Structure formats: structure tokens, C-alpha cells
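Participant: Mind looking over this structure? Questions follow.
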Amino acid sequence: MMDVHFYFKKLVTAMVLPPTSSLLLLVLGLVLWRLRPRLGQVCAWTGILLLTVCCLPVTSQLLGRAVCVPAGLATELAGRAQAVVVLAGGRRRAAEYGGETVSAGTLERLRYGAKLARERQLPLLLTGGPALRGAPESELMDRALRESFAMQARWLERRARDTHENAQYSAVILREAGIQVVLLVTHDVHQRRSLAEFAGAGIEAVSAPVTTWAPSSTDSLLFEQLPSARAFNLNVTMLHEILGNLVLWLRPSEER
């Protein structure tokens, strides 16, 4: 039953977010164009407009200021941390690494997590399960950590398939080790929801964000404001987080 719920959640998320939602509106508009011309035009143009807005760098600027947490550590809080927790951020196929390895986003998190753990002499916990298939992401992360950073995690959490489970399953491991305060490493766009989930699991987490978005000194240049694939990917990531925060807010308090 849990698998069905997990797959359904992934499907709904994909349907709600661009580009799927935009394309569905466009197709619906074309289908209705002859039967209900006005409704068809509204659907088609809404799909086109949504897709266009999601490709604009100015949209990234607006969403980034609303969603992303400030860069840097809260020094006075970070000094109390007893461990570093790094959240998985995806995987990819890579023949040069023998099949699967961590995604670019996960590698960014690992790099920062390794830096913090080395500088502060703290143990590392890597959290991430198998998602849809394959080995747990935490195992892929640990392999990359050993091979690329000459470090090894103290704990691997192998079951979590989303942020809520990252927090719940990691909290069990941390409490058994007597750890109550951690540095939480994830991307700045994902940090607010992650902090809320760990707080709900009874762990005090200090924000240790990896930069997803930052204002550019060339934002005023015209060519920097043209639609781009980079802006689209960034905007969809931010919209995904807005949706995740909405779901968290709507979740009954006893399930948080």
C-alpha cells in the first residue's frame, strides 16, 4: 500500500508541475478548439503562458527570494552540532562508475557535508533510500564520499524515499547515538522544508545550505533575461518546493 501511495504522489507531482501541466493544457485547448472555441483558446494560451513564464530568469529571481534560505551557517547554533546530516538529492546512470552514481546535486551536498565534517571533526550521516529502484542512494553517496573525498560516513540511512522519511528514519539513528543537534546539508531551496521535517521528528537541525540560486551581477543585461533551459529547470525545482511546503502545511499535525 505504501508503494502505491508513493508512486501516486510522484505521478501527481509530475502532472501538476511544468512542463507536463503546460503541455496538458495546450493539448486540451487544441482538442476543445472546435467544440468550445473560447475555452479551447483559454486553455491553449494558458499552457503557452505558463511554459514561457517558467523559462524566464526573472521568475527565478522572484521565486528564489521567496523560497531559498540565506547562504551561510548560523555560527552560534552550528557550534552545538554533534553530527552532519547530508540528504540525498538524486542519482544518475554513469557507465564510467560501473552503473549508477550520485547526481550532480547530491555531489554538491556531499562536498559541502565532507567539508563541514572535516573542519568541525563531526561524524557524518547520509540519508537516502532506493526511491523507485536500485541501490539506496545513501550507499551511492558513501561510495562517492570514499572514492572522491577519502572520507567515510558513520551512519547510512537506507530506507527514506522523501524528505519526511529522511527526517523520521534519521532521527531514530541519531537518538540511538545520543545526538540531538545536527548540521543539515541540503540545497537552499529545499532547506526550509527539511528543517521543518527534522524539527517534527524531534531533532534540532541547523541550516547548512548549498547554493541553488543567488542574485547575479549581470541580471540587468538583456541577454541574461532571455528564456533559457537553466531558468526553466531552476523554476521547476522551486515550484516543486512550494508544492512540498504546501503539502507539509496541510498535513495533520499528528503526522508531522
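The values are calculated or read from the model by the stated rules, or taken from the named source; none is laboratory data. The structure presented is a predicted model; accordingly, all values stated were derived computationally and were not measured. Every residue, glycine among them, receives a Cβ derived from its backbone with ideal geometry; neighbour counts consider all protein chains shown.
Participant: From the list 132, 77, 140, which one is under 21 Å from the mean Cα position of the chain (by Cα) and not in a loop (DSSP other than H, G, I, E, B)?
Facilitator: Only one candidate passes the filter, namely 140.
Results for (1) over 25 Å from residue 51 (Cβ atoms); (2) modelled with pLDDT of 95 or more, shown as yes or no for each residue.
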| site | (1), (2) |
| --- | --- |
| 172 | yes, yes |
| 178 | yes, yes |
| 199 | yes, yes |
| 208 | yes, yes |
| 219 | no, no |
| 256 | yes, no |
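Participant: The conditions are (1) over 25 Å from the mean Cα position of the chain (by Cα); (2) surrounded by 18 or more Cβ atoms within 10 Å (Cβ to Cβ), and residue 34 fails exactly one of them. Which is it?
Facilitator: Here residue 34 clears every test but (2).
Participant: Continuing with this model, one more query. Where the second residue is among the hydroxyl-bearing types (Ser, Thr, Tyr) and in a strand (DSSP E or B) and the first is in the same structural domain as residue 107 (by TED's automatic domain parsing) and surrounded by fewer than 16 Cβ atoms within 10 Å (Cβ to Cβ) and lies in the stretch 144-158, which pairs have Cβ atoms under 8 Å and are six or more apart or on separate chains?
Facilitator: none
Participant: Still on this structure: State yes or no: is residue 204 crowded, with 21+ Cβ neighbours inside 10 Å and either in contact with a Cys (Cβ under 7 Å, 6 or more places away or on another chain) or among the acidic types (Asp, Glu) (or both)?
Facilitator: Here the answer is no, as residue 204 does not meet what is asked.
Participant: Just wondering, is there one or more residues in the stretch 85-97 that are surrounded by fewer than 20 Cβ atoms within 10 Å (Cβ to Cβ), at pLDDT below 90 and not β-branched (Val, Ile, Thr)?
Facilitator: So far as the stretch 85-97 goes, yes, one or more of its residues are surrounded by fewer than 20 Cβ atoms within 10 Å (Cβ to Cβ), at pLDDT below 90 and not β-branched (Val, Ile, Thr).
Participant: A further question follows. Which residues, taken from the stretch 1-28, are modelled with pLDDT under 95 and of a type in the set (Gly, Ala, Ser)?
Facilitator: 14
Participant: All but one of (1) over 22 Å from residue 212 (Cβ atoms); (2) surrounded by 19 or more Cβ atoms within 10 Å (Cβ to Cβ) hold for residue 59; which doesn't?
Facilitator: Just one mismatch for residue 59, condition (1).
Participant: Residue by residue through the stretch 90-129, note down the ones that are among the polar types (S, T, N, Q) and assigned to a helix (DSSP H, G or I).
Facilitator: 106, the sole residue that qualifies.
Participant: For the stretch 1-70, which helices (runs of 4 or more DSSP H) that fit wholly inside it have 2 or more residues that are among the polar types (S, T, N, Q)?
Facilitator: 20-32, 37-53, 57-67
Participant: On to the next question. Do we find that residue 167 is buried (at least 16 other Cβ atoms within 10 Å of the Cβ), part of a helix (DSSP H, G or I) and without any contact (Cβ under 8 Å) to a residue 60 or more places away in the chain in this structure?
Facilitator: yes
Participant: Turning to a different aspect of this structure: Pick out the one residue from 46, 75 that is surrounded by fewer than 18 Cβ atoms within 10 Å (Cβ to Cβ) and either charged (D, E, K, R) or under 30 Å from residue 175 (Cβ atoms) (or both).
Facilitator: From the options 46, 75, the qualifying one is 75.
Participant: Could you count how many residues in the stretch 103-133 are within 21 Å of residue 6 (Cβ to Cβ) and surrounded by 14 or more Cβ atoms within 10 Å (Cβ to Cβ)?
Facilitator: Counting residues in the stretch 103-133 that are within 21 Å of residue 6 (Cβ to Cβ) and surrounded by 14 or more Cβ atoms within 10 Å (Cβ to Cβ) gives 9.
Participant: Scan the stretch 2-31 residue by residue and report those that are among the small types (Gly, Ala, Ser) and under 17 Å from the mean Cα position of the chain (by Cα).
Facilitator: Scanning the stretch 2-31 gives a single hit, 14.
Participant: Could you tell me whether the stretch 88-99 includes any residue that is in contact with a Pro (Cβ under 7 Å, 6 or more places away or on another chain) and free of Cβ contacts under 8 Å to residues at least 24 places away in the same chain?
Facilitator: no
Participant: Only residues in the stretch 12-30 that are in contact (Cβ under 8 Å) with a residue 40 or more places away in the chain and more than 13 Å from residue 232 (Cβ to Cβ) count as the first member; pair them with residues that are part of a helix (DSSP H, G or I) and of a type in the set (A, V, I, L, M), Cβ under 7 angstrom, at least 6 apart or cross-chain, and list the lot.
Facilitator: Listed pairs, sorted by first residue: 13/243; 16/243.
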